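The values are calculated or read from the model by the stated rules, or taken from the named source; none is laboratory data. Since we're looking at a predicted model, the values are computed, not measured. For neighbour counting, all protein chains shown are included, and Cβ atoms are generated from backbone atoms with ideal geometry for every residue, glycine included. Surface areas here come from the heavy atoms of the whole protein model, side chains and all, with no ligands, DNA or RNA. Shrake-Rupley method; radii C 1.70, N 1.55, O 1.52, S 1.80 Å.
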Amino acid sequence: MSTGRPARILLTFAGICIAAGLLWLAAAWSERNELERLRDAGRHRLDVYTGSLRNAVDRFTWLPFVVSTQPGLVALLRAPQDAVQRDKVNRYLATVNKAAQSNSLYLLDANGLALASSNWDTPLSYIGNNYAFRPYFLQAREGHAGRFYGVGFTTLQPGYFLSYPVRDGERIVGVVVAKVSLDALEHNWRLGGEHMLVADRDGVAFLATDVDWKWRTLAPLPAETLRYIEDSRQYGRNVFPELGLVGRQTIDHDTERAFLQSEARRIDVLMQTIKLPDLDWQIVLLTDLAPVRQVVARAVVGTALGLLALLSWWLFWRQRRRRIRDNLRASAALRQAHDELEQKVAERTHELVDANDQLQREIAERIRTEANLRAAQNELVQAGKLAVLGQMAAGVTHELNQPLTAMRALADNAKLLLERGNTAAVGDNLLHISQLTARMGKITGQLRAFARKSDSVAEPVLVKQAIANAQLLLEQRLRQQQVVLDIRQSDESVQVSCNPVRLEQVLINLLRNALDAVRDQPDAAISVNVLRDDGKVRITVTDNGPGISPEHLPSLFDPFFTTKGDSEGLGLGLAISLSIVRDFGGNLLASNGPNGGACFEVALLAAL
Ligand code: ADP
């Protein structure tokens, strides 16, 4: 499957969109998480700081009340000019102030004039000053416990003022004021590395860990508030610049997100506020959000790396899948080629098997034909032989009648000689008879061999071996006649298709005739030549005898043709030899050599 170009572009675009979405999600999620973590931590810290602030303030709540119950105070208020009483009260206030660890403790008369003070003996003594404009005085004059945070009118030191009315019976005749410093608290917060401030109900920061934030406002002050602050000389100043919180965004009931804008820079902050309604104050904790940006950056980078890893894995997987697909395609093609080849081989094998079957059938047919032919040939040969035998019958009768007539005469003669008692002559006659029967046996034996149906099977016969065997059997005669056989054979491995015994028989006949021919020859010589000529082998036996006279040549192979005397030849040798050679599909020829001697050639089929 291959994707087109527009589809690929669309896919890439979708991938980029998904990746961007995931990055945005990672950023949003990590930011939300980190903000929540910071908010929770801030809330916890705010609780702790609220506790410490309350503790710093509340432990002095009782002080003006307890001091107001001191009878010496009313006595002085009744007689403000009484120096002794004033001194007593001064010392009393100093002692209590020291013990309570408040900043200062003083007594005002009903008009707000300071009559006695714990710091009576210092240059900054309050005595003689009038504090009628201070809200805490007014609150106490009205019979309440007064609370006020402001900068000291005399000392210019900020502090928390707690006041309580002094009663003479039912009448309020004066006010006791305790001033408490919150400097130590502020100092501690600063040491803790916090960024926070405590503001009054109008949002003026009167306590701040950052010096620069002090006396700044969370929001612009309305004119009447400014006037009130000025009238009450609360903070000893009348300029209150803004803290510089811009872009405020509410996250929660007590949490906002904003930028703290200063001349130098702009900081992204988390602003958490806790209100203290009884004091009319608010504590504001400002947390720098730079770490949030780092966390977000880390999350975005992490997600981007993850996406990159995913992309790399996907590309790798796609490459691998493509490679596997290519391999599969290649192996499928290979398998198909293999199958086609197998099919071709099968078809070819089938054709070959068919051809082979056909060949086998033809061979069988041929063998059958050959066997039939051979049988027919044998029959023909046999028929020929019988015809020859027919011809021979007269000859044989003649041949056998002669010795039979002689034997009868000899036997009759022997009978007479026996009657006469001439046993010696009888013995001679019997010897003759015996010789004649031997000759007759020889004739019948040769005839039997001639007439026998050939059953010899052709086989490869080593010509060299057949010649050697014939030579061995004639060895005695060769030695007697002092004839050395001259055997010439260029290829000694030549074989003919014949029967070894029959071939030897033919060779013996031919050699015996040659020996007969060269008997009276002074330089008798017989040679045997073996020649391979195409598919035939020609064996020639040549002698240097008188040769064959032309008139004998036509009847040379006739049975019982002989030029030799009665006791020497039967005239069957060549006839039998020709019959044997023809049995094996060969031929036997007679001729005279150029030098006068006879030459007989046996031609046989060469064995492959
Ligand atoms: P046999 O040897 O008993 O006479 P064969 O059939 O062998 O009978 O020979 C027939 C005749 O062929 C012989 O009598 C002879 O006259 C002639 N003959 C055979 N071989 C030779 C030869 N090598 N030289 C001359 N004449 C031969």
- prompt: When you scan the stretch 1-104 for helices (runs of 4 or more DSSP H) that lie fully inside it, which ones turn up with 1 or more residues that are free of Cβ contacts under 8 Å to residues at least 24 places away in the same chain and within 20 Å of VAL166 (Cα to Cα)?
  reply: 62-68, 71-78, 83-100
field: Pairs where the first residue, in the stretch 255-273, is among the small types (Gly, Ala, Ser) and the second is not in a strand (DSSP E or B), C-beta under 6 Å, 6+ apart
entry: SER262/GLY244
- line: Apart from one, (1) modelled with pLDDT under 95; (2) open to solvent by 30 Å² or more (accessible area, probe 1.4 Å) all hold for ASP87; the odd one out is (1)
Count - residues of the stretch 124-159 that are hydroxyl-bearing (Ser, Thr, Tyr) and in contact with a helix residue (DSSP H, G or I) (Cβ under 8 Å, 6 or more places away or on another chain): 1
message: Cβ-Cβ distance below 7 Å, separation of 6 or more or different chains: which pairs start in the stretch 505-533 with a residue that is under 10 Å from PHE600 (Cβ atoms) and end on one that is part of a loop (DSSP other than H, G, I, E, B) and among the hydrophobic types (A, V, I, L, M, F, W, C)?
response: LEU511/LEU474
Residue count, the stretch 545-559 (criterion: in a loop (DSSP other than H, G, I, E, B) and open to solvent by 40 Å² or more (accessible area, probe 1.4 Å)): 6
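Can you give me the number of residues within the stretch 150-166 that are more than 16 Å from TRP62 (Cα to Cα) and open to solvent by 10 Å² or more (accessible area, probe 1.4 Å)?
Qualifying residue count, the stretch 150-166: 7.
Quick one: which of LEU162, LEU185 is in a helix (DSSP H, G or I), under 30 Å from THR69 (Cβ atoms), touching a residue at least 40 places away in the same chain (Cβ under 8 Å) and not hydroxyl-bearing (Ser, Thr, Tyr)?
Numbers: LEU162 fails: in a helix (DSSP H, G or I).
After ruling out the rest, the residue left standing is LEU185.
Out of everything in the stretch 266-300 that is assigned to a helix (DSSP H, G or I), of a type outside the set (S, T, N, Q) and open to solvent by 70 Å² or more (accessible area, probe 1.4 Å), what residue ends up being modelled with the highest pLDDT?
Looking at the filtered set, the residue picked out is ARG298.
So how many residues does the stretch 595-608 have that are part of a loop (DSSP other than H, G, I, E, B), within 12 Å of the ligand (Cβ to nearest atom) and buried (at least 16 other Cβ atoms within 10 Å of the Cβ)? Give the derivation first.
Of the residues in the stretch 595-608, the ones part of a loop (DSSP other than H, G, I, E, B) are 595-597, 607-608.
Then drop every residue that is not within 12 Å of the ligand (Cβ to nearest atom), which leaves 596-597.
Among the residues that remain, those that are also buried (at least 16 other Cβ atoms within 10 Å of the Cβ) are: 597.
Qualifying residue count, the stretch 595-608: 1.
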Enumeration of residues in the stretch 573-594 that are open to solvent by 30 Å² or more (accessible area, probe 1.4 Å), more than 13 Å from the ligand (Cβ to nearest atom) and either touching a Gly at 6+ places or on another chain (Cβ under 8 Å) or part of a loop (DSSP other than H, G, I, E, B) (or both): GLY585, PRO594
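Residue-by-condition table, conditions (1) within 12 Å of the ligand (Cβ to nearest atom); (2) among the hydroxyl-bearing types (Ser, Thr, Tyr):
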residue	(1), (2)
SER527	no, yes
LEU531	no, no
THR542	yes, yes
PRO559	yes, no
GLY571	yes, no
message: Going residue by residue through the stretch 40-57, is there one that turns out to be surrounded by 12 or more Cβ atoms within 10 Å (Cβ to Cβ), touching a Phe, Trp or Tyr at 6+ places or on another chain (Cβ under 8 Å) and closer than 18 Å to TRP120 by Cα?
response: no
task: Please indicate, with yes or no, whether at least one residue in the stretch 213-224 is in contact with a helix residue (DSSP H, G or I) (Cβ under 9 Å, 6 or more places away or on another chain), under 16 Å from VAL48 (Cα atoms) and surrounded by 15 or more Cβ atoms within 10 Å (Cβ to Cβ).
output: no
task: Answer yes if at least one residue in the stretch 496-506 is open to solvent by less than 30 Å² (accessible area, probe 1.4 Å), more than 60 Å from the chain's Cα centre (by Cα) and within 10 Å of the ligand (Cβ to nearest atom), and no otherwise.
output: no
